[in-house]
Amino acid sequence: MDSIKIALKKPFADAIKSVFGPDLGIDPMIEPSRVAGYGDYQANFSMDVARRLRRSPIEVAESVLKKLPACTDIWHKLDISGPGFINVHLADNFLVDRVNLLAADARLGVPRNMQTETVVVDYGGQNIAKELHVGHLRSLIIGDAIVRLLEFQGHRVIRQNHVGDWGVQFGMVIQYLMDEHYTIREETIASIDQIYKQAKILFDSDDDFAMRAKNRVVALQKGDADTAAIWDHLVKVSNRHIDVISRRLGVLLNTDDVRGESFYNQFLEDTVRDIEQKGLAQEENGAVIVLLPEFVDRDNKILPLVIRKTEGAFLYATTDIAAARYRIETLKANRLIYVTDTRQTLHFKMIFSLLRKAGFAPDHVRLEHASFGTVLGNDRKPFKTRSGETIKLEALLDEAEKRSQDVLVSKNPSMDTETMKKNAQLIGPGSLKYADLKNERSKDYLFDWNRMISFEGNTAPYLLNAYVRIHSLHRKSGKTISESISAQIRIIENEERWLVLKLIEFPEAISASADELAPHKLCNALYELAGSYHKFYEQCPILNSGDPQMTASRLALSAVVANVLKLGMDLLGLQAMDKM
């Protein structure tokens, strides 16, 4: 089923061409209207054309309007408002047909992409031997939503957790453990995290220890058995921790998706050699660097991309280049997406440039950095505990579940303890995730417990409340969602019409969210849909309508809303529940 934008684009494009000719390549710029009384959709091309042709926007709009029929199967009225917007008032029969088609479609009107891709999504990226903290939250949540959206579109998505499991930090931790005559035993990630901190203090203060730690890295790289045994144990404990947190958060990453920096160690020498042979690298003070002229500092001096240090060690850049080659050449990916924070923007711009220039990433391969901002506390600084320490993800999830349970108790004191606990285990993480995803990912956002677990406003509980309300309504009706959805939907009241409009915008919201790697667009669509449903529920009698056909229609409309809310929440990684 084509989107409404596509359905409207052709007649408007034809009318524009008939007035201004085909050479201008004018986009009709069809968008949903957000203001009541100004149509359901708007064509917003007039100002762009007026600027290019030095004409009045109103004059441009009027000339195109004359080429369009006043009434069609799609619209019943067109008019002009503001500086030249053409308002499209959709025909009720068109809306009814659309929503009934959507109701009968298992994919709720969302088409599969005809041209599918093999996409590698690089997210997670935790450091081994350290507990996960709030700084890891956004990569996991945003990456998971992107994966879900792309998979739903029909793409083959390969999840990759590029963990930091190699380098000086491991020489540091392993050497510290060896100095303490460590024997492998059952460790918790918390105890290993403390060992890491103690080793870091020693590394920074003791030159002899620092040198031995660096030599331990060399021993690890050469496969020393004792060193490798401790490293392997640290990795296993850390991966178990990552897996537990991922399951609690409800993200799709698991241990099978882990392909850490250590995996690419075997390719680093060849990667540097190949770059050198292509004439892109040079030596500087014993190090191997690449100079990319498009990247300069404030003094207009070219920034070097170091791919091998003076002592022969490799860097994150070298590993990222080798990983990209592996994903393109071995995994056959034609799209690479990296979900990391905005501080790595320059790093990835330089990596992408080198991948292109070296021929490692052909033109048909898309390279994208899905960057995100920082989680801020009330002081608008990076979110930390009152003592200034980074908040552990495990503690954050515990707090989310506790607060959710408190809210549920106040809302429904009679709910049994077991159900209350299970619901809190879903609402808590879901609220954390939604509070993140509803924000434009490239921006920072303010962490606020009270807002995110509220049943009012743009929150996960607000969406869940609409979903629960529909299921409660159906239990009272004696019908299931699947039974009522087959009835024909009619539009009588304005609240029904507005709700139908929100439903038929859903496929466009999915497409925009997936294509632009922007989960917040789906969040906004679901929030508007839930709000429209609450108004419909309050203004339009359903079970007591007095007309069996109207009751059936409104139950069917409610059922479609429930299915759309459930699918939308699934794609965001939120779990729906029919009682709360």
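Spread over its residues, the convex hull of the C-alpha atoms of the stretch 1-155 is 193 Å³ per residue. Histogrammed with a bin width of 10 Å, the alpha carbon distances of the stretch 221-272 distribute as 20, 41, 29, 10, 0 percent, first bin at zero.
Report Rg/Rh for the stretch 422-580, rounded to two decimals, where Rg is the Cα radius of gyration and Rh the Kirkwood radius.
Working: Rg = 15.8 Å, Rh = 16.1 Å.
Reported Rg/Rh, Kirkwood definition of Rh: 0.98.
For the stretch 536-580, trypsin sites (Lys or Arg not before Pro) are listed when DSSP marks them as loop and at most 11 other Cβ atoms sit within 10 Å of their Cβ; the list is LYS579.
Only lysines eight or more places from LYS222 in sequence, or on another chain, were considered; those with a Cα closer than 19 Å are LYS214, LYS309.
Taking the square roots of five times each eigenvalue of the Cα gyration tensor of the stretch 326-374, the equivalent ellipsoid has semi-axes of 21, 12, 7 Å, listed largest first. A DSSP coil position with no more than 13 other Cβ atoms inside 10 Å describes the following GluC sites (Glu not before Pro) in the stretch 339-425: GLU389. On the principal axes of its alpha-carbon atoms, the stretch 209-305 has extents of 47, 36, 28 Å, going from largest to smallest.
If you take all other residues with their beta carbon under 9 Å from the beta carbon of GLU117, and give Lys and Arg +1 and Asp and Glu -1, the sum is +3. Across every direction, the projection of the convex hull enclosing the Cα atoms of the stretch 356-440 has a mean area of 9.9 nm². On the principal axes of its alpha-carbon atoms, the chain has extents of 84, 68, 42 Å, going from largest to smallest.
With a sphere of radius 13 Å drawn around the Cβ of ALA13, what net charge do the other residues whose Cβ falls strictly inside it have (Lys, Arg +1; Asp, Glu -1)?
The answer is +3.
Pairwise Cα separations in the stretch 107-211 fall into 10 Å bins from 0 onward with the following percentages, short to long: 13, 31, 23, 16, 11, 5, 1. Taken as Cα centroids, the stretch 343-413 and the stretch 507-580 sit 28 Å apart, rounded to the nearest whole angstrom. Residue order by solvent-accessible surface for MET29, MET452, MET178 is MET29, MET178, MET452, largest first, with ligands and nucleic acids left out and a 1.4 Å probe. Within the assembled protein chains, the solvent-accessible surface assigned to TRP166 is about 40 Å², based on a 1.4 Å probe.
The simple spin-label model puts a point 7 Å past each Cα toward its Cβ; for ASN93 and ASP379 those points are separated by 6.5 nm. Over all distinct alpha-carbon pairs, what is the Kirkwood Rh of the stretch 47-104 in angstrom? The Cα-based Kirkwood calculation yields 12.9 Å. Under the combined filter of DSSP loop state and at most 10 neighbouring Cβ atoms within 10 Å, the stretch 272-362 retains these GluC sites (Glu not before Pro): GLU311.
Angle of helix 189-205 to the longest C-alpha principal axis of the chain, folded into 0 to 90 degrees and rounded to 10: 50°. Can you bin the stretch 189-246 into rounded, prolate or oblate? Criterion: square roots of the alpha carbon gyration tensor eigenvalues sorted a ≥ b ≥ c, rounded for a/c under 1.5, prolate for a/b above b/c, oblate for the rest. Oblate, since a/c reaches 1.5 and b/c is not below a/b. When the alpha carbon coordinates of the stretch 1-91 are projected onto the principal axes, the ranges are 33, 26, 19 Å, largest first. Taking amide H atoms as placed 1.01 Å from N in the peptide plane, the amide H of ARG55 has no partner under 5 Å among residues 5 or more positions away or on other chains. In order along the stretch 570-578, the phi-based Karplus estimate (6.51 cos²θ - 1.76 cosθ + 1.60, θ = phi - 60°) of 3J(HN,Hα) comes to 4, 5, 8, x, 9, 9, 7, 9, 9 Hz; Gly and Pro are listed as x. These residues, LYS421, LYS476, LYS309, go from largest to smallest accessible area, 1.4 Å probe, as LYS476, LYS421, LYS309.
Once you keep just the Cα pairs under 8 angstrom separated by 6 or more residues, what percentage relative contact order results for the chain? Working shown, then result.
Working: 876 pairs, mean separation 82.2, N = 580.
Over the chain, the number comes to 14 percent.
Using a probe of 1.4 Å on the protein chains alone, the accessible area found for THR345 is around 50 Å². Computed from phi, the 3J(HN,Hα) profile of the stretch 314-330 under the Karplus parametrisation 6.51, -1.76, 1.60 (θ = phi - 60°) reads 9, 10, 4, 4, 4, 5, 5, 5, 5, 5, 4, 4, 4, 5, 7, 7, 9 Hz, with x in place of Gly and Pro.
Across the protein chains, with a 1.4 Å probe defining accessible surface, the residues CYS71, CYS540 rank CYS71, CYS540 from largest area downward. A 29 angstrom limit on the alpha carbon distance is what I want to check against. Which of LYS349/LYS381; LYS357/LYS433; LYS384/LYS421; LYS5/LYS535 exceed it? As for pairs spanning more than 29 Å Cα to Cα, those are LYS357/LYS433.
Heavy-atom accessible surface of ARG497, to the nearest 10 Å², is about 40 Å², with a 1.4 Å probe and all protein chains retained.
Measuring between alpha carbons in the structure, the pairs from LYS392/LYS579; LYS479/LYS579; LYS200/LYS236 lying more than 19 angstrom apart are LYS392/LYS579; LYS200/LYS236. Computed 3J(HN,Hα) for the stretch 169-176, one whole-Hz value per residue from the Karplus formula 6.51 cos²θ - 1.76 cosθ + 1.60 where θ = phi - 60°, is 4, 7, x, 5, 5, 5, 5, 4, glycine and proline marked x.
Using only the Cα atoms of the stretch 249-384, construct the convex hull and provide its projected area averaged over every direction, in square nanometres to one decimal.
Taking a quarter of the hull surface, the average projection is 11.3 nm².
The helix-only estimate of mean residue ellipticity at 222 nm for the chain, built from DSSP H runs of length n ≥ 4 each weighted as -39500 (n - 2.57), is -17000 deg cm²/dmol after division by the residue total.
The values are calculated or read from the model by the stated rules, or taken from the named source; none is laboratory data. Since the model is a prediction, treat every value here as computed from it, not as a measurement. In this analysis, Cβ positions are derived from the backbone assuming ideal geometry, glycine residues included, and neighbour counts consider all displayed protein chains. Note: areas computed on protein heavy atoms with side chains; ligands, DNA, RNA excluded. Shrake-Rupley method; radii C 1.70, N 1.55, O 1.52, S 1.80 Å.
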